[in-house]
Every structure is written in structure tokens, then in C-alpha cells.
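Everything on this sheet refers to the single structure shown next.
The values are calculated or read from the model by the stated rules, or taken from the named source; none is laboratory data. Not measured: the values here are computed from a predicted model. Virtual Cβ from ideal backbone geometry, glycine too; neighbours counted across all protein chains shown. Surface areas here come from the heavy atoms of the whole protein model, side chains and all, with no ligands, DNA or RNA. Shrake-Rupley method; radii C 1.70, N 1.55, O 1.52, S 1.80 Å.
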Amino acid sequence: MKIKISKIDEAAFTVREKLDPEHINELKDSMQEDGQWDAILVRPKGDKYELIAGHNRVQAAKEIGWTEIEANVKDINDTDAMFLSLKTNLLRQDMSQIEQGKVLKSIMETTRLTGNSIAQKIGKSHTWVNNRVQLALDLHENVLKALADGNISNPIALIISSLEKVAQPLLLKILISKNITNEDDARKERDRFLNNTIYTVGYEGKEIQQFIDLLKNTGIEHL
């Protein structure tokens with residue numbers, strides 16, 4: 001059915017921080033030439049409709065001057081609407097892991113579902129969900145900026161996120177200054193960063209190999 005665009009609440013289930021202008025322009029060209037291929041998804045709310053999926057299509061329709069748009073109307077609850085919005089965006093267009101994490105975090109807070117339950121509902125692994133929620137929850141703003149700027153990868157950001165937020169910028173600075181991009185190396189650097197224990201050992205009267213073996217057996221990596 002067709003509904004008036006003026007009656008659509010676009011903010012109800014927004015899962016993206018911003019729309020993709022390039023994708024919207026492609027949609028505008030397609031919709032002007034061939035019409036609307038796919039209906040948007042909304043749910044009724046009083047005399048209006050809350051937009052669940054199709055934010056780019058609605059924006060494209062507004063920019064080309066449409067006043068109505070084809071929509072599927074589903075009367076569903078908040079939880080199902082959030083899951084549908086997330087799943088639709090995952091299928092149609094890549095979201096950043098941070099965007100995904102923020103939506104998953106919102107679902108967890110609203111529904112009190114576990115990461116495992118959410119993973120089953122969206123057809124992803126428990127690890128997939130937890131990693132993205134961790135990105136959304138635990139990163140200092142400096143680390144978020146470094147991730148967004150491409151100075152560190154998502155796996156490195158996850159390793160940094162295991163620290164308290166106040167400590168994250170310093171580890172970030174160390175990893176970047178040492179040009180550490182390998183995950184195993186980053187974990188070792190994090191472990192060294194967290195290890196504030198100082199060991200002392202006597203060396204007088206020991207052969208060099210005895211001394212080296214003693215250090216290795218004690219787990220000392222730096223001298």
C-alpha cells in the first residue's frame with residue numbers, strides 16, 4: 001500500500017549514524033527511471049508510521065519530490081522491530097562494526113536479552129555479537145577516532161578495549177609508535193603494559209647461559 005511520506009517517523013528505528021549520499025543518488029536515478037522496486041517497512045503508530053527499514057529509499061523519495069511511497073505495514077512490537085531493522089540493514093548494505101555494536105547494545109539494554117539469544121535471532125555467532133558490542137561499549141574516544149581514521153584495525157581496537165578506558169589512549173600511543181599491527185604482537189604489548197611487577201635477580205657467579213635460562217624460566221621477556 002502507498003502511504004504519505006509526511007506521516008513517516010524516520011527516527012524511531014534508525015540503525016545508522018548517517019545515510020550514504022552516494023547510495024541515495026543511485027536510488028534516486030533508479031526510482032525516477034524504473035519506479036520503486038522494494039517497499040519500505042513500517043509499523044503503525046497512532047495516525048502515523050514508524051520507519052523500520054528503508055531510510056535511504058525514503059530520503060531518495062523526498063529528494064525527487066515524491067509525496068507517497070510504497071510500504072509494507074507490520075504491526076509488531078519494539079523488540080521485533082529493532083531486530084528487523086538491524087537484519088534488513090545487514091542484508092542490504094554494510095554497516096560499520098561500531099554502528100552494529102551500538103544497535104546491539106541498544107537491543108540488549110531494551111530487551112535484556114543475552115548476546116547468545118541475540119546472535120541466534122540474527123543468525124550470527126555469539127563472538128560476532130560480543131565483539132561488536134565491546135567496540136560500542138568500551139572504547140575511549142581517542143581509540144574510536146584512530147579506528148575511524150584507519151590508524152588501527154578492528155582486531156587491534158578490540159585488544160585495546162580490554163583495558164580500562166583511562167588506560168586505553170596510552171596503549172594506543174604505544175602500539176602506533178611501534179607500528180604494531182599484528183594481533184599477537186598487540187596482545188603481548190598489552191600484557192607488558194599491564195604488568196607493573198618488577199623482578200630482581202642476582203647474576204654474580206652465574207654463567208651467561210645459566211642466567212638466560214633463569215630469566216626464561218621465570219617468564220621474563222625484557223631486561
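Out of (1) surrounded by fewer than 16 Cβ atoms within 10 Å (Cβ to Cβ); (2) within 16 Å of the chain's Cα centre (by Cα); (3) assigned to a loop (DSSP other than H, G, I, E, B), the odd one out for Pro155 is which?
(3)
Looking only at residues that are among the hydrophobic types (A, V, I, L, M, F, W, C) and loosely packed, with under 12 Cβ neighbours inside 10 Å in segment 1-42, which one is farthest from Leu104 (Cα to Cα)?
So, considering only residues that are among the hydrophobic types (A, V, I, L, M, F, W, C) and loosely packed, with under 12 Cβ neighbours inside 10 Å, the one farthest from Leu104 (Cα to Cα) is Met1.
Restricting to segment 177-221, name every residue that is of a type in the set (A, V, I, L, M) and either modelled with pLDDT of 85 or more or part of a loop (DSSP other than H, G, I, E, B) (or both).
If the condition is that a residue be of a type in the set (A, V, I, L, M) and either modelled with pLDDT of 85 or more or part of a loop (DSSP other than H, G, I, E, B) (or both), then Ile180, Ala186, Leu194, Ile198, Val201, Ile220 are the ones that fit.
Yes or no: Ile107 open to solvent by less than 30 Å² (accessible area, probe 1.4 Å), without any contact (Cβ under 8 Å) to a residue 40 or more places away in the chain, outside any helix (DSSP H, G or I) and closer than 30 Å to Thr88 by Cβ?
Considered against the rule, which asks whether it is open to solvent by less than 30 Å² (accessible area, probe 1.4 Å), without any contact (Cβ under 8 Å) to a residue 40 or more places away in the chain, outside any helix (DSSP H, G or I) and closer than 30 Å to Thr88 by Cβ, Ile107 comes out as no.
Can you tell me which condition Leu41 does not meet? The list is (1) of a type in the set (A, V, I, L, M); (2) farther than 16 Å from Lys124 by Cα; (3) assigned to a helix (DSSP H, G or I); (4) touching a residue at least 40 places away in the same chain (Cβ under 8 Å), and all the others hold.
Evaluating Leu41 over (1) of a type in the set (A, V, I, L, M); (2) farther than 16 Å from Lys124 by Cα; (3) assigned to a helix (DSSP H, G or I); (4) touching a residue at least 40 places away in the same chain (Cβ under 8 Å) leaves (3) as the failure.
Among residues belonging to segment 77-98 that are surrounded by 16 or more Cβ atoms within 10 Å (Cβ to Cβ) and among the β-branched types (Val, Ile, Thr), point out the one that is modelled with the highest pLDDT.
Ile98
Let me spell it out: the conditions are (1) assigned to a helix (DSSP H, G or I); (2) more than 26 Å from Asn56 (Cα to Cα); (3) modelled with pLDDT under 80, and Asn142 meets all of them except one. Which number is the exception?
Exception for Asn142: condition (3).
Name the single residue that is least open to solvent (accessible area, probe 1.4 Å) among those in segment 161-186 being without any contact (Cβ under 8 Å) to a residue 12 or more places away in the chain and of a type in the set (D, E, K, R).
Asp185
The conditions are (1) at pLDDT below 85; (2) farther than 28 Å from Leu170 by Cα, and Gly101 fails exactly one of them. Which is it?
The number of the failed condition is (2).
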